[in-house]
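Here is the structure we will look at, set down as structure tokens.
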Amino acid sequence: MFEEMLKYQTQMWESIGETFIMVGISVGAALLLGLPLGTLLYFCRKGQLYENRTLSFVLNSIVNIIRSFPFLLLVVALIPVTRLLVGTAIGTIAATVPLSIVAIAYYARLVEQSLLEVPKGTIEAALSMGASKLALVVKFLYVEARSGLVLGLTTSTVSFISFSTVMGVVGGGGVGDFAIRYGYQRFETEVMVYAILVMIVLVQLVQFTGGTLARLLDKR
Amino acid sequence: MSLKVEPGAIHGIIGASGAGKSTLLRLMNLLEQPDQGTVTVGGRELTGMPDKLLRRERQKIGMIFQQFNLVGNLTVHRNVSIPLELAGVSKRERFKRMRECLDFVGLADKAEQYPAQLSGGQRQRVAIARALANEPKLLLCDEPTSSLDPSTTADILGVLKHIKESLGVTVVVVTHEMEVVKSICSHVSVMESGRLIDSFSRAEGEFSPPQIASLSYREQILGKAGNSYV
Ligand SMILES: Nc1ncnc2c1ncn2[C@@H]1O[C@H](COP(=O)(O)OP(=O)(O)O)[C@@H](O)[C@H]1O
Ligand SMILES: [Mg+2]
């Protein structure tokens, strides 16, 4: 197998780079937009502070639709959107558009779940101290839910890595695409195994880092 | 209903669970919005106040709870500092005030610990320190001792009494425990199914015969002493 590793070393590094770009941008989108969206989902829920049935219904529908769409079909369906946003529907950057959209919906749901675990009493105490909405979220909710938020992001990242493996269909590249093109399609089983091992290491690394961080952050 | 809490009093609100005691207490800092009527604290009417002003008023009203409601992921020091941060107090001032408050409740040595490392009584002390941080004139307590054992309960009641005596803070204590009222309250209100059915001062030795059969709380609190004056 070492020969194979050497033979495709350049392509492999290139693929790892592409996976990092796709997953990295998705994680960024999840944090930047999924976190606020999840917070909004949480607040609008029945029985929560800013209960709003209409908004809750609309946001939940969007999140559910995105999450229930077979991913490959979503990639195809989003081609016009992708073209509008990045000018092309082909390539690694174009591939990040559908990935990011799934990432936002996926993480938003996990954020909502983490926030639901914060005791109602914490919110009560925050309001009794005269906390503004922003202070309530930043100084209380996110602080108390932080290990859940990190674990959620870890789970999401692993899913994004998995989703990124099929981005070959729009020329996104990545390790998964490498495994398919060099390993599977050329019947080079060892190359395929090599690529899969790389994926396993990546996932383990993410899971270990996230799990450790979440544990260290939890003082409750 | 109409209820006036005398400045400088320790006012107990007692009644069975579900009687509406917590609701009444939450009305006092408008965590609960009244359908009608007004809430006035320290001469200022809170009802109808814009959100921003109301938040500033709330910073001057401390509140503690049965479950303490501390932020578990923050140290004792940071927990006590939060209300000061919310009030926009400078960092140096916050530190000084945090020290004073922890000294007051006797937990200065626990500043860098997390709530999970403390006992129930210590957690309630931290909550009290947090509630005192912004030098409130009014302290609202919702079943402050109901999840504590008897000796810790006595400790916390001692702290509440000390707050009233040394800081001149008006204290309102919601409880279903007769002992709490008997040991620290100067005024008592009795609630039953959402209504205030009795309200009296304990200094009033006088005992007027009950209009409603269930006025037993007054009898129990004023005791035989009350009876003998009739
Ligand atoms: N005066 C009232 N008007 C309307 N609802 C009330 C009133 N008092 C109590 N309730 C309701 O009764 C329930 C129990 O009240 P709560 O204040 O929690 O009781 P307690 O603290 O005495 O156990 C709450 O759901 C509250 O909304
Ligand atoms: Mg209650």
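The values are calculated or read from the model by the stated rules, or taken from the named source; none is laboratory data. Keep in mind the model is a prediction, meaning the values are calculated, not measured. A quick note on method: Cβ atoms are made from the backbone with ideal geometry, for glycine too, and the neighbour counts reach across all protein chains shown. In case anyone asks, the SASA skips ligands and DNA or RNA and just uses the protein heavy atoms, side chains included. Shrake-Rupley method; radii C 1.70, N 1.55, O 1.52, S 1.80 Å.
Search region B:67-92 for residues that are within 7 Å of another protein chain (Cβ to nearest Cβ) and closer than 13 Å to A:M129 by Cβ and pair each with any residue that is acidic (D, E) and surrounded by fewer than 20 Cβ atoms within 10 Å (Cβ to Cβ) when their beta-carbon atoms are under 6 Å apart and the residues are at least 6 apart or on different chains.
Nothing qualifies.
Considering region B:16-39 alone, what residues qualify as being outside any loop (DSSP other than H, G, I, E, B) and either at pLDDT below 95 or within 14 Å of chain A (Cβ to nearest Cβ) (or both)?
Scanning region B:16-39 gives B:S22, B:T23, B:L25, B:R26, B:L27, B:M28.
Report, by residue number, each residue of region A:29-48 that is surrounded by fewer than 14 Cβ atoms within 10 Å (Cβ to Cβ) and either of a type outside the set (A, V, I, L, M) or in a loop (DSSP other than H, G, I, E, B) (or both).
Correct list: A:K46, A:G47.
Mind counting the residues in region B:131-174 that are within 16 Å of ligand 2 (Cβ to nearest atom) and surrounded by fewer than 23 Cβ atoms within 10 Å (Cβ to Cβ)?
Residues that pass the stated criteria total 4.
When region A:1-28 is examined, which residues are found to be open to solvent by 40 Å² or more (accessible area, probe 1.4 Å) and either touching a residue at least 60 places away in the same chain (Cβ under 8 Å) or charged (D, E, K, R) (or both)?
Listed by number, the residues that qualify are A:M1, A:E3, A:M5, A:K7, A:Q11, A:E14, A:E18, A:I21, A:I25.
So is B:I128 under 16 Å from the mean Cα position of the chain (by Cα), more than 16 Å from ligand 1 (Cβ to nearest atom) and surrounded by 21 or more Cβ atoms within 10 Å (Cβ to Cβ) or not?
Taking the combined requirement at face value, the residue satisfies it.
Just checking, does region B:66-89 include any residue being more than 21 Å from the chain's Cα centre (by Cα) and among the charged types (D, E, K, R)?
yes
I need the full set of residues from region B:20-69 which are farther than 17 Å from A:L136 by Cα, among the aliphatic types (A, V, I, L, M) and within 16 Å of ligand 2 (Cβ to nearest atom), in order please.
Those that are farther than 17 Å from A:L136 by Cα, among the aliphatic types (A, V, I, L, M) and within 16 Å of ligand 2 (Cβ to nearest atom): B:L24, B:L25, B:L27, B:M28, B:I64.
Using the structure shown, decide if B:T23 is among the hydroxyl-bearing types (S, T, Y) and within 11 Å of ligand 1 (Cβ to nearest atom).
In short, yes.
Determine whether region B:127-139 contains at least one residue that is assigned to a loop (DSSP other than H, G, I, E, B) and either acidic (D, E) or on the phi > 0 side of the Ramachandran plot (or both).
Checked region B:127-139: at least one residue is assigned to a loop (DSSP other than H, G, I, E, B) and either acidic (D, E) or on the phi > 0 side of the Ramachandran plot (or both).
Would you confirm whether any residue within region B:66-87 is over 21 Å from B:G194 (Cβ atoms), modelled with pLDDT of 95 or more, buried (at least 19 other Cβ atoms within 10 Å of the Cβ) and within 16 Å of ligand 1 (Cβ to nearest atom)?
yes
For region B:111-120, give me each residue that is away from chain A (no Cβ under 14 Å) and over 21 Å from the mean Cα position of the chain (by Cα).
B:A111
Among B:E192, B:E165, B:E177, which is without any contact (Cβ under 8 Å) to a residue 12 or more places away in the chain, at negative phi and out of contact with any His (no Cβ under 7 Å at 6 or more places or on another chain)?
B:E165
Of everything in region B:146-162, what is farther than 14 Å from B:K182 by Cα and touching a residue at least 60 places away in the same chain (Cβ under 8 Å)? Give them in sequence order.
Once the filter is applied, which keeps residues that are farther than 14 Å from B:K182 by Cα and touching a residue at least 60 places away in the same chain (Cβ under 8 Å), region B:146-162 yields B:S146, B:S147.
I'd like to know if region A:174-183 contains one or more residues that are surrounded by 15 or more Cβ atoms within 10 Å (Cβ to Cβ), more than 13 Å from every other protein chain (Cβ to nearest Cβ), in contact with an Asp or Glu (Cβ under 6 Å, 6 or more places away or on another chain) and assigned to a loop (DSSP other than H, G, I, E, B).
Yes, there is a match, as at least one residue in region A:174-183 is surrounded by 15 or more Cβ atoms within 10 Å (Cβ to Cβ), more than 13 Å from every other protein chain (Cβ to nearest Cβ), in contact with an Asp or Glu (Cβ under 6 Å, 6 or more places away or on another chain) and assigned to a loop (DSSP other than H, G, I, E, B).
Hey, A:S114 hits all of (1) farther than 18 Å from A:T39 by Cβ; (2) crowded, with 22+ Cβ neighbours inside 10 Å; (3) within 14 Å of another protein chain (Cβ to nearest Cβ) but one; which does it fall short on?
For A:S114, the exception is condition (1).
Would you mind finding the one in A:L127, A:L136, A:L115, A:L141 that is in contact with a Ser or Thr (Cβ under 7 Å, 6 or more places away or on another chain) and of a type in the set (A, V, I, L, M)?
Going through A:L127, A:L136, A:L115, A:L141 in turn, the sole match is A:L115.
Restricting to region A:20-65, and then to whatever is touching a Phe, Trp or Tyr at 6+ places or on another chain (Cβ under 7 Å) and of a type in the set (S, T, Y), can you tell me which residue is nearest to A:E124 (Cα to Cα)?
Applying the filter and picking the extreme gives A:Y50.
Does region B:9-20 hold any residues that are surrounded by 16 or more Cβ atoms within 10 Å (Cβ to Cβ) and within 8 Å of ligand 1 (Cβ to nearest atom), and which are they?
Across region B:9-20, the qualifying residues are B:G15, B:A19, B:G20.
Can you find, within region A:147-173, the residue that is nearest to the other protein chains (Cβ to nearest Cβ) among those that are over 17 Å from A:T82 (Cβ atoms) and of a type in the set (V, I, T)?
A:V150
Taking the stated definitions as given, is A:S159 on the phi < 0 side of the Ramachandran plot and touching a strand residue (DSSP E or B) at 6+ places or on another chain (Cβ under 6 Å)?
no
Looking only at residues that are more than 7 Å from every other protein chain (Cβ to nearest Cβ) and surrounded by 18 or more Cβ atoms within 10 Å (Cβ to Cβ) in region A:122-146, which one is nearest to B:I61 (Cα to Cα)?
A:A126
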